[in-house]
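Reviewing the structure listed below.
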């Protein structure tokens with residue numbers, strides 16, 4: 001892959017001087033077209049050999065285009081806040097919205113390659129990272145992002161010459177650190193594992209462009225023209241390409257049985273027993289979350305989904321009553337805002353991933369895509385069909401970072417829902433809980449039931465299983481949730 005970049009590419013001063021003004025004008029015009037079109041984000045990854053011109057190129061792009069519409073990120077060592085969360089968290093937070101360009105100088109490729117070169121990981125771990133990266137980039141492109149990946153290459157001889165030249169010049173000496181020379185000594189290892197990674201991640205949706213970094217004029221024109229062509233091609237595309245669903249369709253169960261209909265909805269707790277159990281499990285939950293091991297190593301995500309009037313609000317209040325208000329966050333999920341619609345679907349949930357020792361409770365979750373968005377037709381079939389695997393990937397990253405995920409579906413019978421709807425209409429302080437939309441959703445009971453069963457089938461994993469809660473009796477449902485939380489945390493501790 002790198003051999004083709006070592007051909008001694010050059011551009012003379014005269015040619016460069018003629019082409020740059022035209023290129024800059026075209027890039028600026030295209031950038032404003034992108035901002036006005038506002039239909040997709042552009043993600044530029046800049047990686048490669050030390051001394052090959054990565055920093056200069058990023059600075060040049062900021063100079064050639066309007067920096068107000070470019071978000072450049074130099075990803076160095078993670079902060080303490082970032083270390084407490086999955087490795088991809090800091091990249092998720094930095095993704096550009098639609099209509100903007102995000103440049104990552106140091107990206108999700110850096111640590112996997114460096115860790116393999118320095119012996120911190122094995123080839124199997126690098127390959128696992130490669131697989132995760134490919135799925136992540138596929139998710140971004142499925143969400144509409146344009147990904148452009150530049151790898152700046154120098155031969156070993158050229159890198160040595162470049163580092164010495166930078167070191168000799170008083171104005172550029174600061175750009176050469178001891179780590180640059182340390183990496184030069186293991187150049188061959190870097191080349192081997194970089195090429196291994198690039199081959200495995202140069203895909204049809206996000207190919208690598210390898211740029212020879214010796215001649216700055218050649219490098220600058222190559223990057224500028226590649227960026228311009230990619231942007232113009234995407235912007236000039238008349239109609240968005242509609243994704244084709246290739247997966248086998250979901251079919252109703254032949255025998256009409258499903259996980260929701262198998263629940264025993266007659267489960268019950270008398271009030272005196274409930275009061276005793278409530279105090280017991282709230283106290284137990286509070287003590288578990290105070291343990292030093294939980295505070296130092298673990299965090300907790302509680303995900304609530306359920307039928308309308310299923311009792312989520314009252315259930316959540318009994319859980320939060322056991323928590324220290326300083327260490328938990330409540331995230332009610334409604335229709336996405338304009339800011340959230342400009343980002344990938346999971347972005348708004350990634351933002352709320354808790355740090356060590358903290359708890360985040362989601363009232364409605366990322367499963368909305370395979371529930372309400374599926375049933376109501378708010379997204380194409382291709383989007384909710386791919387969401388199952390994207391959600392499983394998301395949850396796997398959380399669990400691997402010692403974040404416990406406890407997912408509850410609060411189920412009630414159709415008859416119980418009707419009774420609660422009518423009660424809400426009668427009681428003044430509960431009227432705000434019932435809307436025309438609730439009645440309309442009730443008419444699609446069977447469709448929602450099918451969507452829930454499919455969701456449980458495809459996303460109830462060993463690391464993040466669904467807990468189905470029989471919710472006709474609110475007392476029983478609250479105790480089951482509290483007990484499940486306690487058992488999950490205790491097992492992890």
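When 424, 364 are checked against the criterion of being over 26 Å from residue 257 (Cβ atoms), buried (at least 17 other Cβ atoms within 10 Å of the Cβ) and touching a strand residue (DSSP E or B) at 6+ places or on another chain (Cβ under 8 Å), 364 stands alone in meeting it.
Quick one: which residue in 282, 267 is assigned to a loop (DSSP other than H, G, I, E, B) and either in contact with a helix residue (DSSP H, G or I) (Cβ under 6 Å, 6 or more places away or on another chain) or modelled with pLDDT of 95 or more (or both)? I'd like the intermediate steps shown before the answer.
On the way: 282 fails: assigned to a loop (DSSP other than H, G, I, E, B).
Exactly one residue qualifies, and that residue is 267.
For residue 67, are the conditions met, namely being under 18 Å from residue 104 (Cα atoms) and surrounded by fewer than 16 Cβ atoms within 10 Å (Cβ to Cβ)? Yes: the conditions hold for residue 67.
Checking each residue in the range 466-486 for being part of a strand (DSSP E or B) and within 13 Å of residue 412 (Cα to Cα) picks out 468, 469, 470.
Can you find, within the range 447-465, the residue that is surrounded by the most Cβ atoms within 10 Å (Cβ to Cβ) among those that are part of a helix (DSSP H, G or I) and in contact with a helix residue (DSSP H, G or I) (Cβ under 6 Å, 6 or more places away or on another chain)?
Just the residues of the range 447-465 that are part of a helix (DSSP H, G or I), to begin with: 447-459.
Keeping just the survivors that are in contact with a helix residue (DSSP H, G or I) (Cβ under 6 Å, 6 or more places away or on another chain) gives 447-448, 451, 455, 458-459.
Working: 447: 14, 448: 19, 451: 20, 455: 24, 458: 16, 459: 20.
Once the filter is applied, the top-ranked residue is 455.
Of all the helices (runs of 4 or more DSSP H) wholly in the range 7-109, which have at least 1 residues that are in contact with a helix residue (DSSP H, G or I) (Cβ under 7 Å, 6 or more places away or on another chain), farther than 18 Å from residue 219 by Cβ and in contact (Cβ under 8 Å) with a residue 12 or more places away in the chain?
Numbers: elements: 13-37, 54-64, 80-83, 89-94.
Per the criteria, 13-37, 89-94.
Name the residues in the range 152-206 that are modelled with pLDDT under 75, touching a helix residue (DSSP H, G or I) at 6+ places or on another chain (Cβ under 8 Å) and exposed (fewer than 13 other Cβ atoms within 10 Å of the Cβ), would you? Once the filter is applied, which keeps residues that are modelled with pLDDT under 75, touching a helix residue (DSSP H, G or I) at 6+ places or on another chain (Cβ under 8 Å) and exposed (fewer than 13 other Cβ atoms within 10 Å of the Cβ), the range 152-206 yields 172, 173. Counting only helices (runs of 4 or more DSSP H) that sit completely within the range 362-446, those holding 1 or more residues that are under 24 Å from the mean Cα position of the chain (by Cα), in the same structural domain as residue 466 (by TED's automatic domain parsing) and touching a residue at least 60 places away in the same chain (Cβ under 8 Å) correspond to 372-376, 381-400. Here the condition is being over 24 Å from residue 438 (Cα atoms), modelled with pLDDT of 95 or more and part of a helix (DSSP H, G or I); of 300, 288, it holds for 288 alone. Take residue 226 and tell me if it is modelled with pLDDT of 95 or more and closer than 30 Å to residue 99 by Cβ. Yes; evaluated as a whole, the condition is true for this residue. Residues in the range 208-240 that are touching a strand residue (DSSP E or B) at 6+ places or on another chain (Cβ under 7 Å) and outside any helix (DSSP H, G or I): 208, 209, 210, 211, 212, 213.
Has the range 426-443 got any residue that is at pLDDT 85 or above and within 26 Å of residue 373 (Cα to Cα)?
yes
Every test in (1) assigned to a helix (DSSP H, G or I); (2) crowded, with 16+ Cβ neighbours inside 10 Å; (3) at pLDDT below 95 is passed by residue 322 save one, and that test is (1).
The values are calculated or read from the model by the stated rules, or taken from the named source; none is laboratory data. Here the structure is a predicted model, which means the values were calculated and not measured. Note: ideal-geometry Cβ built from the backbone for every residue, glycine included; neighbour counts use all protein chains shown.
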